[in-house]
1. Between ALA196, GLY121, VAL155, whose Cα lies farthest towards the positive end of the dipole of the range 29-305 when Lys and Arg beta carbons carry +1 and Asp and Glu beta carbons carry -1, centred on the Cα centre?
2. Any idea what the dipole of the range 29-305 comes to, in debye rounded to 20, about its Cα centre with Lys/Arg Cβ at +1 and Asp/Glu Cβ at -1?
Amino acid sequence: MEDPPAPRPSRSRPVAHREPANGAEDGVLLLQRGWIHRLVESARGVTDHPVLEAVARVGLIAYGVLHLLIGWLAAQLARGSARTDADQTGALQAVAGTPGGTVLLWLIGLGMLGLALWQAGEVLLWWRGLLDRRHVLRTAFVCAKCLAKAAVYAVLGATGLLFALGLEYEADERLRELTGETLEVPGGAALVLLVAAGVVAVGLYTLVRGLTGGFMKDIDLPTAPDRWEPVIEAVGRVGYVAKGVAFGLVGVLLWQAAATADVSTATGLDGAMTAIASVDAGPWLLGAVAAGFAAFGVYALARARYPDRDPST
């Protein structure tokens with residue numbers, strides 16, 4: 001029988017430094033901070049609730065399964081299938097086609113939304129650092145990263161619920177439409193270029209995180225068996241590198257669409273997979289990317305078993 005999980009380690013939180021109170025202005029500031037503190041503590045009571053953590057685990061499992069499906073769809077594309085969407089919508093379509101698919105889609109959607117709320121709650125552990133000029137930049141970066149993760153989870157959750165309601169859509173087509181509409185407005189090209197640069201930056205960040213092993217901060221290592229730690233790290237490295245390459249390519253294609261005013265190149269993950277498959281060694285390269293996404297799915301399942309949302313530890 002597996003040993004029960006060890007108690008979670010206490011988390012260090014940045015403590016805001018403030019000058020001694022001086023006059024009525026400082027008194028008002030103290031009252032405001034006290035009110036904010038009580039509000040944050042109340043919110044933390046929600047985001048740290050065991051029920052929400054259980055729902056977040058469901059979301060992490062769904063996140064892992066979706067990546068396993070994307071890996072499988074990418075492998076089909078590498079084998080020459082022309083009727084495969086190797087992206088999140090393709091994975092959700094695959095789920096919808098299974099027995100009980102609607103119920104699974106509801107679980108995926110609600111689980112991912114719960115995961116988004118749970119991840120966003122990490123900001124509540126760091127808010128004091130925003131009041132300290134010595135820590136504000138680092139704290140702002142960590143908070144932005146947590147909110148970005150939460151936004152990704154929320155989008156996937158909302159998409160899952162749309163599929164559960166029968167309101168399917170193609171992510172690549174919607175991206176092309178949105179890009180075309182943006183290019184038609186004044187300054188639209190510059191905005192698309194900015195978004196493309198941001199996507200490339202995310203891809204590079206993901207790649208670096210895979211190469212350095214920084215993703216292991218999301219695993220509660222004290223509760224994970226020692227024998228599994230190198231396995232989790234290995235699959236995580238492969239998965240993060242594959243995702244970094246794929247999303248970096250998405251940004252490059254979006255940049256090309258803005259630079260040439262050709263929205264046909266503005267494609268999401270499926271378009272990036274297709275682009276990889278179109279080069280000379282495409283099937284082999286895409287097979288490697290497919291294996292990487294599947295590896296990330298395994299890592300996400302491990303994170304669901306030993307979750308730690310705190311990037312400071």
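We did not get these values from a lab; they are worked out from the coordinates using the rules stated. Computed from a predicted model, the values in this text were never measured in an experiment. Here the Cβ is made from the backbone with ideal geometry for all residues, glycine too, and neighbour counts use every protein chain on show.
1. Highest projection toward the positive end goes to GLY121.
2. 1020
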